[in-house]
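One structure below.
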Amino acid sequence: MERAGAYGFSAALSGSFLLSCLLFAAINRRQRGAYMDEVFHIPQAQAYCQGRFLQWDPMITTLPGLYLVSVGVVKPAAWLLGWTGSVVCSVGMLRFINLLFSAGNLYLLYLLLFKIHQKNKAVSGFQRIVSTLTLAMFPTLYFFTFLYYTDPGSVFFTLFAYLMCLYGNHKTAALLGFCGFMFRQTNIVWTVFCAGNVVAEKLNEAWKTRLQKKKDEKMSSRKGSFSDLIKILRFLIEYLTSPKNLITLTALTWPYIILVTMFFVFVFTNGGIVVGDRSSHEACLHFPQLFYFLSFAVFFSFPHLLTPAKIRKFLLSLRKHPVQYSLVAVISLFLIWKFSYVHKYLLADNRHYTFYIWRKVFQRHELVKYLLVPVYLFAGWSFADTLKSKSVFWILMYFVCLLAATVPQKLLEFRYFILPFLIYRLNVPFPSLYKQLLELAFYIVVNAVSFYLFLNRTFQWPNSDEIQRFMW
């Protein structure tokens, strides 16, 4: 890290943390008690603070990683600073843990951007800092910095594992992946993603070697015709069925294999991936979740994905390959028809933005969900187009993990999209400074509106005296 870049990043980190602390204080003054899922998380953490580690709220569906880390931070701090009484493990103190995770996430995002794009000498230190601030302020993640939810810690350990994987420290990456799993069980998918990075790198090396031997300069490991894709798939099957190659890959990825094996043992002994209340968290094949994610990605990355040049390029591709796009459209219509699910929470809880999106868009008419297929096609094409700088094996591995992380979820919940979006956004080429600043300004506006609604547009349900607030 260059000296000027280090000073610039330190200033950005300090300024961001200071502003977050001010916002944190304002939110805690207005919402002193536990809100939404905090009514489960905070009492559970407080029980752990009091040493009651066998007490468990059956309504909690995640493992106790958040509570264990909280006790591990708060208790020593309380001892060192002489805190006693209700301040120890209070609502505000527990929420502050996520503020620390948020600062850690900002630092990890900077290191990841530096590592992933280190070969791009055209990227300035200022651009890297702007992109880091933008991703750290990603609205769906940043909002939960100020509540006692699992998301900031889940993102922290997963990003940390990804960083260690990129540096080749796979045992450390697997250990951090385990910590991420303890925050949210579905994070096991991103442990597989880390292992997939290693596999994709080896596949790409072998594929390039084959191309050089055949002196086939027209073919590429990144893009090509349908016949090229068939050749790549044939190579993939041939490579992965070779005992020698499998031994090599196993030697490289064994820490991740152990963790994934532990995950399957957990699922078997637990009787499922969810702990506690399973009635509202049933796994299903909800394929439209992929379409919702792609639309979500276009919305939050519109400076990169929704541009006139992109639209013209998409229309040109549509004109050149009408049969392929028609086939994809028919498959999409079938998946929407047969695999659409509406969770009871989505219809009943009017505190979440998804409730209003569903009511205002999807519930207007039965045909709306089908009429949106052209939007999904553009979103999917634009999303994939921005990843064309990555190898075809990396792209394949990422999309497999994306499907595994989104499709089994019955509930449309934007928090489930945080990690796949961040990993995608970290790996796209750096845009122009103008687009970066536009994206940052957009995130600031979205965050400002979200916090304004949360703090000032409160309401009450007919049969309840509790104050309700809008949130992601």
- Message: When the residues of the range 212-239 are narrowed to those that are surrounded by 15 or more Cβ atoms within 10 Å (Cβ to Cβ) and hydrophobic (A, V, I, L, M, F, W, C), which ends up modelled with the lowest pLDDT?
- Response: Met219
- Note on the structure: When the range 285-306 is checked residue by residue, the ones that are at pLDDT 90 or above and assigned to a loop (DSSP other than H, G, I, E, B) are Leu285, His286, Phe287, Ser301
- Note on the structure: Selection from the range 1-22 of residues farther than 18 Å from Ile444 by Cβ, touching a residue at least 60 places away in the same chain (Cβ under 8 Å) and not charged (D, E, K, R) yields Met1, Ala4, Gly5, Gly8, Phe9
- Task: For residues that are outside any helix (DSSP H, G or I) and either touching a Pro at 6+ places or on another chain (Cβ under 9 Å) or at pLDDT 95 or above (or both), tally how many sit in the range 110-122.
- Result: 2
- Among the residues of the range 123-169, how many are in contact with a Ser or Thr (Cβ under 7 Å, 6 or more places away or on another chain), of a type outside the set (Gly, Ala, Ser) and assigned to a helix (DSSP H, G or I)? 6
- Item | Within the range 252-302, tally of residues that are in contact with a Phe, Trp or Tyr (Cβ under 9 Å, 6 or more places away or on another chain), of a type in the set (Phe, Trp, Tyr) and under 30 Å from Val373 (Cα atoms) | 7
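Tell me whether the range 243-258 contains one or more residues that are open to solvent by less than 30 Å² (accessible area, probe 1.4 Å), over 23 Å from the mean Cα position of the chain (by Cα) and either of a type in the set (Lys, Arg) or at pLDDT 90 or above (or both).
yes
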- Message: Cβ-Cβ under 8 Å, sequence separation 6+ or interchain: first residue in the range 119-134 and open to solvent by 60 Å² or more (accessible area, probe 1.4 Å), partner assigned to a helix (DSSP H, G or I). Which pairs?
- Response: Phe126/Gly8; Phe126/Leu433
- Selection status of Phe355, open to solvent by less than 60 Å² (accessible area, probe 1.4 Å), farther than 27 Å from Leu411 by Cβ and of a type in the set (Phe, Trp, Tyr): no
- Taking the range 303-351 on its own, how many of its residues are aromatic (Phe, Trp, Tyr), open to solvent by 70 Å² or more (accessible area, probe 1.4 Å) and touching a Ser or Thr at 6+ places or on another chain (Cβ under 8 Å)? 1
- Query: Lys410 is checked against (1) in contact with a Cys (Cβ under 8 Å, 6 or more places away or on another chain); (2) closer than 22 Å to Ile311 by Cβ and fails just one. What number does that condition carry?
  - Reply: (2)
- Taking only pairs six or more apart or across chains, which ones have beta-carbon atoms under 7 Å, a first residue in the range 268-288 that is on the phi < 0 side of the Ramachandran plot and of a type in the set (D, E, K, R), and a second residue that is part of a loop (DSSP other than H, G, I, E, B) and open to solvent by less than 20 Å² (accessible area, probe 1.4 Å)? Arg278/Gly272
- Query: Looking at Leu259, is it in contact with a Gly (Cβ under 7 Å, 6 or more places away or on another chain) and either closer than 19 Å to Trp207 by Cα or part of a helix (DSSP H, G or I) (or both)?
  - Reply: yes
- Out of the residues in the range 23-41 that are open to solvent by 80 Å² or more (accessible area, probe 1.4 Å) and in contact (Cβ under 8 Å) with a residue 40 or more places away in the chain, state the one that is nearest to Phe101 (Cα to Cα). Arg32
- Scan (1) aromatic (Phe, Trp, Tyr); (2) without any contact (Cβ under 8 Å) to a residue 12 or more places away in the chain; (3) open to solvent by less than 90 Å² (accessible area, probe 1.4 Å) for the single condition Phe300 breaks and write down its number. (2)
- State the number of residues belonging to the range 262-276 that are open to solvent by less than 30 Å² (accessible area, probe 1.4 Å), farther than 26 Å from Lys338 by Cβ and part of a loop (DSSP other than H, G, I, E, B). 1
- Query: Of the numbered conditions (1) of a type in the set (S, T, N, Q); (2) under 20 Å from Ser279 (Cβ atoms); (3) open to solvent by 50 Å² or more (accessible area, probe 1.4 Å), Gln44 satisfies every one except a single condition; which is it?
  - Reply: (3)
- Give me a count of the residues in the range 200-211 that are among the hydrophobic types (A, V, I, L, M, F, W, C), surrounded by fewer than 20 Cβ atoms within 10 Å (Cβ to Cβ) and within 19 Å of Tyr424 (Cβ to Cβ). 0
- From the set of residues in the range 155-182 that are under 19 Å from Leu135 (Cβ atoms) and of a type outside the set (A, V, I, L, M), which is surrounded by the most Cβ atoms within 10 Å (Cβ to Cβ)? Thr158
- Note on the structure: The lone condition Leu111 fails out of (1) open to solvent by 30 Å² or more (accessible area, probe 1.4 Å); (2) under 30 Å from Val275 (Cα atoms); (3) aliphatic (A, V, I, L, M); (4) touching a helix residue (DSSP H, G or I) at 6+ places or on another chain (Cβ under 9 Å) is (2)
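Residues are listed down the side, and each one gets a yes or a no for (1) under 16 Å from the mean Cα position of the chain (by Cα); (2) open to solvent by 30 Å² or more (accessible area, probe 1.4 Å); (3) hydrophobic (A, V, I, L, M, F, W, C); (4) more than 28 Å from Leu229 (Cβ to Cβ):
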{"residue": "Val361", "(1), (2), (3), (4)": "no, yes, yes, yes"}
{"residue": "Pro374", "(1), (2), (3), (4)": "no, yes, no, no"}
{"residue": "Phe399", "(1), (2), (3), (4)": "yes, yes, yes, no"}
{"residue": "Leu403", "(1), (2), (3), (4)": "yes, yes, yes, no"}
{"residue": "Glu413", "(1), (2), (3), (4)": "yes, no, no, yes"}
{"residue": "Ala441", "(1), (2), (3), (4)": "no, yes, yes, yes"}
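The values are calculated or read from the model by the stated rules, or taken from the named source; none is laboratory data. All values reported here derive from a predicted model rather than from experimental measurement. Here Cβ is always computed from backbone atoms with ideal geometry, including for glycine, and neighbour counts include all displayed protein chains. Just the protein is used for accessible areas: all its heavy atoms, side chains included, with ligands, DNA and RNA removed. Shrake-Rupley method; radii C 1.70, N 1.55, O 1.52, S 1.80 Å.
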